[in-house]
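All remarks here apply to the structure that follows.
Coordinate-derived values only; no laboratory data. As the structure is a prediction and not an experimental result, all values here were calculated from the model. Positions of Cβ are generated from backbone atoms using ideal geometry, with glycine treated the same way; all protein chains shown enter the neighbour counts.
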Amino acid sequence: MSSGGTFYEISIILGLATILAAVGQKLRQPLIIMFLLAGILAGPSFLGVIESHEQIELLAQIGIALLLFIVGLKLDLNLIRSTGPVALATGIGQIIFTSAIGLVIALGFGMSFIAAAYVAVALTFSSTIIIVKLLSDKGEIDSLHGQIAVGFLIVQDIAAILALVALTTFGSQIAQEESALVTSLFIAVKGLGMLTAIGLLMRFVLPGLVRRLAHSQEMLIIFAIAWAVFLGAASDYLGFSKEVGAFLAGISLASTPYRDAIGARLVSLRDFLLLFFFIDLGARLEWSAVGTQIVPAIWFSLFVLIGNPLIVLAIMGAMGYRRRTGFLAGLTVAQISEFSLIVAALGLGLGHIDKETMGLITLVGVVTICASTYMILYSGTLYRILEKPLKIFERKNPHREAQTCSLQDSGPLDAIMLGLGRYGSGLATHLLSRKKNIVGVDFDPSNLERWRSIGVPVLYGDMADPEMLDHLPLSRARWVISTVRSRELNLPLLHLLKDSGYKGKIALTAHDEAEAATFRKAGADVVFRPFTDASEQAADALTHAMDILPEDIDWPIAFQEIRIQSGSRFAGKKVRDIPLRANTGASILAVSRAGRVHYDPGPDFQVYPGDRLVIMGDPKQIKQAGELLNEHMAHTKRGQEPDRFELAKILVAPDSDKTGRTLMDLGFRQRYSVTVVGIRRGNENNMSPGPDTVLLPGDEVMVVGTSAAIKAVKEKEGI
């Protein structure tokens, strides 16, 4: 076909792939499936668009080389070590059991030994790319099961590369009836020579060369592509596969500080070129062959979808992990990967397998990738259905996770903090600075270790785990705080806490006001809106700075706005009682409160939490002023802080003398110096009761006042 015809052909293919990808995105299908479907539709069995097989195959081979180059580039053996023996044991164990059982099943269908071996190898590998993407989308990549899954997927990647070496070298040369010993020695010499050359380049040439090229991002990326393709070609020339050379090219640059920059820039190009690989596979799929492979494909698919997760679940259960962790990690191997299709394509090219076997592996790949995507996306629901039967895979004492779920009884707790991410860590830090006694809960082992190292009690827990509450000291906690912004997790948590009889208060974190309203309606006592609250505070600070701070300052002096925290020992104090000028030399120019600016506050001006003070002085003085103003008060017993406000509830009993009387008649403010802020009557809340509001039996009267006033109310009213 002419170059113009090839261009038109590829434009049609790309258009078809784009349309199907958009449909797949709407249906939440993996793009790989849609690209395979595009190839099938464009192939000879349907539209017959594809004629330039050689050009498409060349683009596909470059895409595969880049795929393996990026895998090598991101290979981090430290990850395997950090996840401990479970990654190696699970990875190797799953490979052995899956390949052995798969071989038996394939032989049972009457396949030749070499064809059965290819099928068994294809069933062994799972897609690192697909799994990492799904776990990242679900926010589970840093969880315990996520880290273990990534660890044994890397083990699989290494095994896949070894399988490629074996199939492309031993298979091609031993098939030519050469001596196995001679072939093995010759391969070993060539392989050792290639590794030695790459090692010397890594040691003496590549670091300096890459450092020089890094001055230009374009040059760095061009070099990376050229290096991957060059080593791929060199490997192919020496009798290995192009894929092995590209993988080694990635490893050779993995130790440089530019690997992340290279990988990030190449991902889009890799995805584009891999499109042609999957389209080429789809176009070459013989439907006549697939039709005869439907029954074997169903059995092999069921084995991958059910058998692979059970193998991982059994291994992790034997090693002392809970059944939920093993189940979630096991779901990540419930599909075959692009490596499996690459292995099958190599086997077809070498003449080891026929088109029927290739069609079988491709069909199993289509079914398992599609089905496992839904299994991972809805893993929580799936686990709740299978929770009881899976108990046989869990030891009586899952000691590996029990170590992260132990907590000594240290008395009453102010709060249990669920989620120690960026927002949760900040909130926990501020609570600790205010002398609050908290326990942190997170599913990221590295987060737990960091907090444990500074003496904060922490527990391993996943909010999606219905058994999590069993490990929490709820009976000792006044508050349970969720800093996770998820409606799907927070609402079930709220209901589980109430169903378990938890009597404390609950604080949840919402994405927006609509979600916050849902949480309040469901019974949350406090709802955080991190982005809204932070942006509102930032807007207040910026507006205030626009009004107060001069635009042009030629003096050797600085201005800074300092917010008074609720735990500051000067909160509630008058300006005359703040030794700011005496201790630091800085001065208070203005105070912003609730949108109003108080210029040059006098000595009797009282400062409250949340006030923003504009301080003038040199940079050193301002730094000292910030430390002084937000120096926290010494820890005192609850209820003894002089300026502390508290909320109390007064229940109107049926025989109470308050029944039938108005708030004006009862005179709470005159008698106790407290303010009535609301009345709860059944399921209704009256947030602005008037003086003529009549109290009825069963009403709950909410009053607010200082700790001393609330104490008096409790004593007189018998609360």
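Annotations
- Taking 17 Å as the straight-line reach from the Cα of K711, the lysines in range (excluding those fewer than 8 positions away in the same chain) are K637, K649.
- Amide hydrogen neighbours beyond the local backbone of A590, cut-off 5 Å, H modeled: D600, V614
- Rounded to the nearest 5, the antiparallel percentage of DSSP beta bridges internal to the chain is 65%.
- Between the range 646-671 and the range 128-148, the Cα center-to-center distance that results, in Å: 56
- The convex hull built on the alpha-carbon positions of the range 645-717 has an orientation-averaged projected area of 4.4 nm².
- Option label - log10 I(q)/I(0) by the Debye sum over Cα atoms at q = 0.06, 0.07 Å⁻¹ computed here, alternatives (i) -0.54, -0.69; (ii) -0.38, -0.53; (iii) -0.34, -0.47: (i)
- Cα gyration tensor shape of the range 419-466, rounded if a/c is under 1.5, else prolate or oblate by comparing a/b with b/c: prolate
- Peptides 34-43, 457-466 ordered by packing proxy, namely the average of other Cβ atoms within 10 Å per residue, highest first: 34-43, 457-466.
- Size of electric dipole in the range 645-717: Cβ of Lys, Arg +1 and of Asp, Glu -1, about Cα centre, debye, nearest 20: 200
- Sequence-distant residues sharing a close amide H with L413 (under 5 Å, placed H): A477, R478
- Protection proxy ranking, peptides 130-138, 496-504, average beta carbon neighbours within 10 Å, highest first: 130-138, 496-504
- Each residue of the range 253-269 is assigned a 3J(HN,Hα), and the resulting list reads 9, 5, 8, 7, x, 9, 5, 5, 5, 5, x, 5, 6, 8, 4, 5, 5 Hz, derived from the Karplus form 6.51 cos²θ - 1.76 cosθ + 1.60 (θ = phi - 60°), x at Gly and Pro.
- Put a dot 7 Å past the Cα of L195, heading toward its Cβ, do the same for R593, and the two dots end up 7.4 nm apart.
- Sites T292 and R395, calculated FRET efficiency, Cβ-Cβ separation with R0 45 Å, nearest 0.05: 0.50
- Gyration tensor (alpha-carbon) shape descriptor, the range 3-57, a/c threshold 1.5: prolate
- Taking each DSSP H run with n ≥ 4 as -39500 (n - 2.57) and averaging over every residue of the chain yields -17500 deg cm²/dmol at 222 nm.
- Cα shape, the range 54-386, gyration tensor, a/c 1.5 rule: oblate
- Computed P(r) (all Cα pairs; the range 406-528; 10 Å bins; percent): 13, 49, 33, 4
- Here's how it looks for T292: its modeled amide H is under 5 Å from none belonging to a residue 5 or more places away or on a different chain.
- Vicinal HN-Hα couplings computed from phi for the range 429-439 (Karplus, 6.51 cos²θ - 1.76 cosθ + 1.60; Hz; Gly/Pro x): 4, 5, 5, 5, 5, 9, 6, 8, 9, 10, 10
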